[in-house]
Amino acid sequence: MEFAELIKTPRVDGVVLHRPFMPTVEGTLCLTGHHLILSSRQDNTEELWLLHSNIDSIEKRFVGSLGSIIVKCKDLRVIQLDIPGMEECLNIASSIEALSTLDSVSLMYPFFYRPMFEVIEDGWNSFLPEDAFKDLESMTDEWRLSEVNKDFSVCPSYPALVAVPKDVNDDTLRKVATFRHSGRFPILSYYHKKNGMVMMRAGQPLTGTNGRRCKEDEKLINATLRPGKRGYIIDTRTINVAQQAKARGGGFESEANYPQWRRIHKAIERANILQESLIKLVEACNDQSHSMDRWLSKLEASNWQTHVKEILTTACLAAQCIDREGASVLVHGTDGTDSTLQVTSLAQIILDPACRTIRGFQSLVEREWLQAGHPFQQRCAQSAYSNSKPRQEAPVFLLFLDCVWQILRQFPCSFEFSESLLVLLFEHAYASQFGTFLGNSAAERTKLSLPEKTVSLWSWVNRPQELERLTNPLYEANSLVIWPSVAPQSLLLWEGVFLRWNRSSKCLDEAYEEMVHIIEYNKELQNKVNSLRRQLAQLETEDPLLKTS
């Protein structure tokens, strides 16, 4: 298919762009295969380049022969384009609708994008499983890297290489895969260096109503226990939901077959509930009524903060079992690709200072989300404004980023990266020129030849000038476990995402610049103090009379 077939009117002059808190811009609107572009001849006006894939929905309005298109974006931005001429407006609108809903992955922009920057580091090779395993090998010899899934046939949503207990062979893994949802047998997620405890993740066991059993599964997860120690199974579903899953062939681990494991049920909501919650939250944030009661009731009715609290509480529980109880943990829900990953990745941010660095956090997203099989393409196909009925869309990754922001806000000096990195990841998960978030699994990315045909987001992020922009000026390395508060009073609305386009950022930008200036000035004074101390010590060695008693 040629993009030209979908573009009825490629260019219109005299289009006026309206954006909140920014001056209106008049210029020429151009449509290309992947972008909506508005450029102006006015001095000092920024061009608008909007990816069609970032458009969630559009609305058309007409007053006489003047048409307006309201464009609602997946990054929650809302802009208005005033277009002279009804026919031109209708043509532009139908072209945008067609170009923003292309189903074919190979027609998406990452396959056409050519970087304007020098690729210093190929991000596709930055965080490979074998490199992560080398770090594990330096701490323990109890695990091995298995190639049982090298052709993705045992588990389509797992990567080609997985870390498993050394004493468990590949035949055992194949048998366990038939007993776990979508073949997601238990694999290593995190090794706690302090005490040697581990966190694993999996899909639900397929016990069904007959209480089916798998000795190999029991052997596999028991292989992670120390002699005389118990482990914890954290099921991200309520006991009722887990019981209902039995009737559909799923289920949970029975105490009789897993006597060394204590099962704990938590209540993290399913995908469809989360999507409704996001839609309600964004609607509340865009409410122009200025009524305090209305705002607070809408915010509460969205239940977004409740979801944040549930996820953080479960992650803290997993971290507590590992660090304070000295027990290993297995996390799963139903599929093991949504709430499971929220819990395992947040627990690592709490426990592991390396995950709070810029590279460590990239590695975490790569390992616990991209390689772990979170279906990004399905989950991020629509955002909060789409008019079409949600299919498998859900803000699972956005909720994870929100939880990270909550911890970052409570421990502002313990993270090497700033909020900017979290916002950037949110934007690129929904619409990007990079291939990192395309596809739903490592198998799909391999089939699409993404490393050969597209550029990795990490190639962009790890450029020195971008790293400087994403670095937290308050950062001081903290090697301790950090325990976030999950009290309702401690959890705030993430304004940097949800109110980003609804208010001017001028005051915040000025405050940030002032903070950076104070930090730099403080460093200068500290250097002066150190220099004077060295001079004083030098003088004291030269003239003993200067020494004070």
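The values are calculated or read from the model by the stated rules, or taken from the named source; none is laboratory data. Everything numeric here is computed off the predicted structure, so don't read it as measured data. Cβ: placed from backbone, ideal geometry, glycine included. Neighbour counts: every protein chain shown. Heavy atoms of the whole protein, side chains included, go into the accessibility calculation; ligands, DNA and RNA do not. Shrake-Rupley method; radii C 1.70, N 1.55, O 1.52, S 1.80 Å.
Below is a table of values for the structure above.
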{"read-out": "Residue match in region 317-333 (condition: surrounded by fewer than 22 Cβ atoms within 10 Å (Cβ to Cβ), within 17 Å of the chain's Cα centre (by Cα) and in contact (Cβ under 8 Å) with a residue 60 or more places away in the chain)", "value": "no"}
{"read-out": "Hey, residue 348 assigned by the TED database to the domain that holds residue 438, assigned to a helix (DSSP H, G or I) and surrounded by 24 or more Cβ atoms within 10 Å (Cβ to Cβ) or not", "value": "yes"}
{"read-out": "Answer from 519, 482 - the residue that is open to solvent by less than 90 Å² (accessible area, probe 1.4 Å) and touching a Ser or Thr at 6+ places or on another chain (Cβ under 7 Å)", "value": "482"}
{"read-out": "Every residue from region 293-343 that is over 19 Å from residue 492 (Cβ atoms), of a type in the set (Val, Ile, Thr) and part of a helix (DSSP H, G or I)", "value": "314, 322, 340, 343"}
{"read-out": "Matching option when the condition is open to solvent by 70 Å² or more (accessible area, probe 1.4 Å) and either polar (S, T, N, Q) or part of a strand (DSSP E or B) (or both), among 224, 209", "value": "209"}
{"read-out": "Residue that is without any contact (Cβ under 8 Å) to a residue 40 or more places away in the chain, acidic (Asp, Glu) and in the same structural domain as residue 409 (by the TED database), where the choices are 495, 524, 520", "value": "495"}
{"read-out": "Filter result for the condition that a residue is within 18 Å of residue 420 (Cβ to Cβ), modelled with pLDDT of 85 or more and out of contact with any Gly (no Cβ under 9 Å at 6 or more places or on another chain), over 539, 525, 491, 474", "value": "474"}
{"read-out": "Residues located in region 227-252, provided they are part of a loop (DSSP other than H, G, I, E, B), without any contact (Cβ under 8 Å) to a residue 60 or more places away in the chain, open to solvent by 50 Å² or more (accessible area, probe 1.4 Å) and in contact with a strand residue (DSSP E or B) (Cβ under 8 Å, 6 or more places away or on another chain)", "value": "238"}
{"read-out": "Residues of region 385-395 satisfying the condition of being under 20 Å from residue 54 (Cβ atoms) and either among the polar types (S, T, N, Q) or surrounded by fewer than 24 Cβ atoms within 10 Å (Cβ to Cβ) (or both)", "value": "385, 386, 387, 388, 390, 391, 392, 393"}
{"read-out": "Hey, residue 97 farther than 28 Å from residue 281 by Cβ and charged (D, E, K, R) or not", "value": "no"}
{"read-out": "All positions within region 398-422 that are open to solvent by 20 Å² or more (accessible area, probe 1.4 Å) and in contact with a helix residue (DSSP H, G or I) (Cβ under 6 Å, 6 or more places away or on another chain)", "value": "405, 416, 419, 420"}
{"read-out": "Residue match in region 253-267 (condition: within 26 Å of residue 380 (Cβ to Cβ), open to solvent by 50 Å² or more (accessible area, probe 1.4 Å), under 22 Å from the mean Cα position of the chain (by Cα) and in the same structural domain as residue 495 (by the TED database))", "value": "yes"}
{"read-out": "Wholly within region 72-179, strands (runs of 3 or more DSSP E) carrying at least 2 residues that are touching a Ser or Thr at 6+ places or on another chain (Cβ under 6 Å), buried (at least 18 other Cβ atoms within 10 Å of the Cβ) and not acidic (Asp, Glu)", "value": "162-165"}
{"read-out": "Single condition residue 304 does not satisfy, out of (1) surrounded by fewer than 22 Cβ atoms within 10 Å (Cβ to Cβ); (2) within 30 Å of residue 351 (Cα to Cα)", "value": "(1)"}
{"read-out": "Residues satisfying the stated conditions in region 465-474, i.e. open to solvent by 70 Å² or more (accessible area, probe 1.4 Å) and touching a residue at least 40 places away in the same chain (Cβ under 8 Å)", "value": "469"}
{"read-out": "Unmet criterion (only one of (1) open to solvent by less than 80 Å² (accessible area, probe 1.4 Å); (2) touching a residue at least 12 places away in the same chain (Cβ under 8 Å)) for residue 291", "value": "(2)"}
{"read-out": "Evaluation of residue 369 against (1) assigned to a helix (DSSP H, G or I); (2) among the aromatic types (Phe, Trp, Tyr); (3) open to solvent by 10 Å² or more (accessible area, probe 1.4 Å) (one fails), failing number", "value": "(3)"}
{"read-out": "Failed criterion for residue 83 (all others in (1) of a type in the set (A, V, I, L, M); (2) more than 30 Å from residue 506 (Cβ to Cβ); (3) more than 28 Å from the chain's Cα centre (by Cα) hold)", "value": "(2)"}
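Every residue, every condition in (1) exposed (fewer than 13 other Cβ atoms within 10 Å of the Cβ); (2) of a type outside the set (S, T, N, Q); (3) not assigned by the TED database to the domain that holds residue 380, yes or no:
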{"position": "24", "(1), (2), (3)": "yes, no, yes"}
{"position": "27", "(1), (2), (3)": "no, yes, yes"}
{"position": "30", "(1), (2), (3)": "no, yes, yes"}
{"position": "39", "(1), (2), (3)": "no, no, yes"}
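Residue-by-condition table, conditions (1) acidic (Asp, Glu); (2) modelled with pLDDT of 95 or more; (3) in contact with a strand residue (DSSP E or B) (Cβ under 6 Å, 6 or more places away or on another chain):
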| position | (1), (2), (3) |
| --- | --- |
| 282 | no, yes, no |
| 286 | no, no, no |
| 293 | yes, no, no |
| 299 | no, no, no |
| 304 | no, yes, no |
| 307 | no, yes, no |
| 310 | yes, yes, no |
| 315 | no, yes, no |
